[in-house]
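**Q** If you scroll down you'll find the structure; I have some questions about it.
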Amino acid sequence: MDDVSQFPTATLAEETLLGLLLPFWQLVIGAFVLFVVLASVRRLARRGPSRMTTALLITAAAIAGFTVVGVLLES
């Protein structure tokens, strides 16, 4: 019976450790995404306005789609 009572404590410790690491990983992922977005915007800007317009429309559609999916999954 003593072995069973130790499992919730171990699980709680693992969740606490992941909770501490989560903000760090969010910053790493956010920095990487920002770098990729800036690099792609620079490349698109060099290609001309017509490609920028298309890219902005696709990006807007993707943002709207992710927002809808996020709201539906949260409900």
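**Q** Need pairs with beta-carbon distance below 6 Å; first residue modelled with pLDDT of 80 or more and within the range 31-42, second of a type in the set (Ser, Thr, Tyr); sequence gap 6+ or separate chains.
**A** none
**Q** Something else: For the structure I just gave you, tell me whether VAL4 is modelled with pLDDT under 80 and out of contact with any Asp or Glu (no Cβ under 6 Å at 6 or more places or on another chain).
**A** Criteria met by VAL4.
The values are calculated or read from the model by the stated rules, or taken from the named source; none is laboratory data. In this text, all values refer to a predicted model and were calculated from it rather than measured experimentally. Quick reminder, even Gly has a Cβ in these numbers, built from the backbone with ideal geometry, and neighbours come from all protein chains shown.
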